[in-house]
Amino acid sequence: MVSRIIPVDEFDLVIFGATGDLAHRKILPGLYRRYVAGQIPASAQIIGAARTKQDDKAFREEARAAIREFAGKGDDLSQIDDFLNHLGYVAIDARGSDGWAELKSRIRPGVVHAFYFSVAPALFGDIAQRLAENGIADQHSRIVVEKPFGRDLATARDLNATLARHFAENQIYRIDHYLGKETVQNLMAVRFANMLFEPLWNAQYVDHVQITVAETVGVGGRGEYYDHSGAIRDMVQNHMMQLLCLIAMEPPYHFDPDAVRDEKLKVIRALEPLEPGDIVRGQYRGSPDGSDYLKDAENPDSRTESYVALKVNIANWRWTGTPFYLRTGKKLRARTSEIVVTFKAPPHSIFDESDGPRSNQLVIKLQPNEGMDLTVMIKEPGPGGMRLVQVPLDMSFADALGANGTDMPDAYERLIMDVIRGNQTLFMRGDEVEAAWAWTDPIIAEWEAGSKRPEPYDAGSSGPEEALRLLHRDNRRWREIRP
Ligand code: BG6
């Protein structure tokens with residue numbers, strides 16, 4: 001199946017922090033792929049802005065190297081020269097006056113203006129203010145901001161207030177790149193474009209839900225940032241929370257930005273406060289392969305968690321009685337993100353099964369190998385008695401859609417194009433971010449007030465033993481972490 005490419009309107013996109021890691025790894029290669037796909041209009045302008053003094057030509061060479069380094073395996077690199085013609089560069093001082101007049105002179109009237117703040121959050125306010133003061137941004141412009149969006153409720157509120165001084169909510173695009181992932185959006189399609197699951201999607205039929213985001217990488221290289229965040233701030237407050245919302249929310253009345261975000265917000269507000277026994281923190285330490293969080297974080301006394309598992313309850317009509325178990329961690333056995341919805345077992349079995357009827361499971365695989373599995377019971381083939389066997393009805397999206405995996409757009413590609421289109425559905429609204437912090441703040445405060453250390457676990461394992469007990473005590477078990 002060939003995906004439909006609808007070119008976006010003419011635009012000028014300014015990337016603040018264009019010489020940084022995110023621009024190199026994600027933004028520039030993502031824009032290039034959209035260019036190759038034919039989605040970038042002929043006169044689109046992409047202007048890099050950063051402190052480094054260099055000209056357009058030098059920035060184009062920098063972009064060429066970044067695209068080469070971070071392009072996907074199957075990417076066609078033959079159009080890089082043409083793409084680079086769209087790029088320009090302005091050296092700018094985010095906290096001073098240098099460069100702003102030049103930036104203004106480069107921005108064309110009558111096209112979409114988007115400003116991507118790929119910089120430290122401490123600079124968001126300065127850049128927003130200068131864009132407004134210098135008449136570069138107006139009420140039609142859009143700004144894109146990256147996570148971390150604050151480190152608690154108070155700082156998130158300040159950030160929202162700072163941005164609100166110069167931009168309206170419908171101009172602010174807060175990125176959570178998980179929302180740009182193909183399968184994450186598929187959660188909404190599966191739930192709201194099919195009749196099959198929705199009648200069963202509640203506490204009466206769903207026993208529990210597991211959401212796992214497991215990574216094999218450690219925190220080496222970004223230990224300082226990570227050690228001030230930990231898994232709760234880095235993954236739970238944002239990415240995991242978004243997955244939880246999409247799984248648990250009520251059907252929005254329309255696939256429209258505010259309708260979707262209103263429903264997500266209701267889920268966050270319905271989260272029960274966590275009991276201390278419903279959370280397990282882990283840290284990879286003293287692993288046989290030498291991996292050690294304390295070394296990676298360069299902090300021998302660190303109590304920051306590189307793994308967390310939570311049991312979450314949603315207090316509303318649909319979900320009371322169905323726990324949601326969340327876990328995420330670094331240096332685990334495999335890189336895999338998936339959501340498992342385990343349905344209740346049939347109330348009565350007419351078959352003589354020694355181990356009783358087994359539950360259906362819907363496994364939604366977010367990465368790698370996006371797809372869905374639904375386990376069903378069937379008769380074991382062959383003569384003889386009526387024996388049952390559980391088999392997966394496997395659907396890999398790549399096979400079904402004819403895409404070879406590499407054709408699936410990266411989250412950033414899709415999200416940047418949504419900014420140009422002016423579609424905020426896949427971006428977090430300010431009140432959503434604040435509600436998520438309001439829920440995580442007490443969890444973090446309680447931990448910081450204590451003196452416990454996170455449970456140790458070995459690199460390459462499934463996390464700390466304690467996390468297994470979180471489910472065992474409820475007579476449940478985690479699905480194995482495997483690629
Ligand atoms: C980022 C976190 O937001 O998401 C990282 O800061 C994490 O710590 C990353 O590794 C995971 O993203 P993905 O797309 O690789 O699952």
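Worth pointing out:
- For the chain, the residue among Gln424, Met386, Ala66 whose Cα projects farthest onto the positive side of the dipole built from Cβ charges is Met386.
- Computed over segment 401-483, the percent of Cα pairs more than 21 Å apart is 66.
- The residues Lys295, Lys73, when put in order of fewest to most other Cβ atoms within 10 Å, stand as Lys73, Lys295.
- Taking every Cα-Cα distance in segment 122-231 and sorting them into 5 Å bins from zero, the calculated P(r) comes out as 2, 8, 13, 14, 13, 13, 14, 12, 7, 3, 1, 0 percent.
- Of all DSSP-defined beta bridges confined to the chain, some 55% are antiparallel rather than parallel.
- Each principal axis of segment 439-483 carries a Cα extent, and these read 34, 26, 18 Å when sorted largest first.
- For the chain, the dipole from Cβ point charges (+1 on Lys and Arg, -1 on Asp and Glu) about the Cα centre works out to 240 debye, to the nearest 20.
- Annotation: amide H of Tyr325 within the under-5 Å range of Val209, Gln210, Ile211, Val312, sequence separation 5 or more or interchain, hydrogens built in the peptide plane.
- Expressed per residue, the C-alpha convex hull volume of segment 1-142 stands at 117 Å³.
- A simple packing score, the average count of other Cβ atoms within 10 Å per residue, orders the peptides 198-204, 375-381 as 198-204, 375-381, with the highest score first.
- With a Förster radius of 30 Å applied to the C-beta separation of Glu198 and Arg387, the computed FRET efficiency comes to 0.40.
- Ordering Ser302, Ile314, Gly30 by the projection of their Cα atoms onto the charge dipole of the chain, which places +1 on the Cβ of Lys and Arg and -1 on the Cβ of Asp and Glu, puts Ile314 at the extreme positive end.
- Relative contact order (%) - criterion: Cα under 8 Å, at least six apart; region: segment 1-81: 40
- Highest-first arrangement of 135-145, 454-464, where packing means the average Cβ count within 10 Å: 454-464, 135-145
- Across every direction, the projection of the convex hull enclosing the Cα atoms of segment 262-338 has a mean area of 7.3 nm².
- Whole-number Å³ per residue for the convex hull built on Cα positions in segment 12-82: 84
- Summed over qualifying helices (DSSP H, 4 residues or more, each -39500 (n - 2.57)) and divided by its residue number, the chain shows a 222 nm mean residue ellipticity of -8500 deg cm²/dmol.
- Rounded D (µm²/s) - segment 97-138, Kirkwood Rh over Cα pairs, Stokes-Einstein at 37 °C, 0.692 mPa s: 297
- Diffusion coefficient of segment 194-302 by Stokes-Einstein, Kirkwood radius over Cα pairs, 20 °C, 1.002 mPa s: 126 µm²/s.
- From the C-alpha gyration tensor of the chain, square roots of 5λ in Å: 41, 26, 22
- Exposed loop sites here mean GluC sites (Glu not before Pro) with a DSSP loop assignment and at most 13 other beta-carbon atoms within 10 Å; the chain contains its longest site-free run at 1-297.
- Averaging the sequence gap over all C-alpha pairs within less than 8 Å and six or more residues apart, then dividing by the number of residues, gives the chain a relative contact order of 18 percent.
- For segment 272-376, chymotrypsin sites (Phe, Trp or Tyr not before Pro) meeting the loop criterion (DSSP other than H, G, I, E, B) and having at most 11 other Cβ atoms within 10 Å: Trp317.
- Applying the criteria of a DSSP loop state and at most 15 other Cβ atoms within 10 Å to the trypsin sites (Lys or Arg not before Pro) of segment 174-232 yields Arg222.
- The gain in end-to-end length when the Glu465 to Lys295 segment is fully stretched comes to 59.0 nm, 0.36 nm per residue minus the alpha carbon separation.
Just so you know, all these numbers are worked out from the coordinates, no wet-lab data involved. None of the values given here were measured: they were computed from a predicted structure. Positions of Cβ are generated from backbone atoms using ideal geometry, with glycine treated the same way; all protein chains shown enter the neighbour counts.
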